[in-house]
Amino acid sequence: MFKNSLILFFIVFFSVNLFAQRIITGNVTQIIDGRTIIVEASPNQNFSVQLQYIEVPETEQLLSGIVKEHLERLLLNKSVSIKVTQMAQSKWIGIVYLDNIDVSQQMLRDGAAWYDIPSSNSHDAVNRQNYQQMEAAAKSEKRGIWGIKELKPAWV
C-alpha cells in the first residue's frame, strides 16, 4: 500500500502534465474544509484534493463551518471526477465535477466561496467569465459570504 502510494506520488510530482490531461474518478470519503476533500480513487488509496479557482473563509472566519457543511452536503459519499491540474504540498489541485457540474462554480453560485483572483490567471477567458458570472449572481443576491460585509478572502 505504501509502495503504491509512493509510486503514485512520484508519477504525479514529475508528470503533472500527464495528470492535467486525465480525469481521475473516486468517491468522496471526507471533507477537510470548505475546499479540500479526501477522495478514494481505489481501495485503500485516498488522496487530498483542493478545489481549484476558489477561496473559502479561513477556519477562524465567520461562515467557515457553514461552508464546510455545505460542501459535505454536496459531495460526501458521492462519486466525483477530478481534472488534476497541479500538485502542491502533497495534495492534488484541480477541477472537481459532480455529475458534470463544476463544484467550484457551484460553490461560487451558492455564495460559499470567492473566485480566487490570484489563481485566475491560469483560467481561459470563457471559464473566467463563467466563474465571474456565478460569483456576481451570488454577490447581487447577498448569498452566503456576500451577506457579511466585513468578511474578506485571505488575499485581501
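General remarks:
- For Leu63, net neighbour charge (Lys/Arg +1, Asp/Glu -1) across residues whose Cβ lies under 15 Å away: 0
- For Val96, net neighbour charge (Lys/Arg +1, Asp/Glu -1) across residues whose Cβ lies under 13 Å away: +2
- Normalised alpha carbon radius of gyration of the stretch 17-156 [divisor 2.2 N^0.38 Å]: 1.00
- Counted over all Cα-Cα pairs of the stretch 83-156, pairs farther apart than 13 Å make up 69 percent.
- Theoretical gain in end-to-end length, Glu150 to Ala41 [0.36 nm per residue, Cα-Cα removed]: 35.4 nm
- For the stretch 48-113, the spread of Cα positions along each principal axis, largest first, Å: 30, 27, 20
Each reported figure results from applying straightforward, stated rules to the coordinates on display, with no laboratory input. Remember, predicted model here, so these are calculated numbers, not experimental data. Note that each Cβ is placed from the backbone with ideal geometry, even for glycine, and that neighbours are counted across all protein chains shown.
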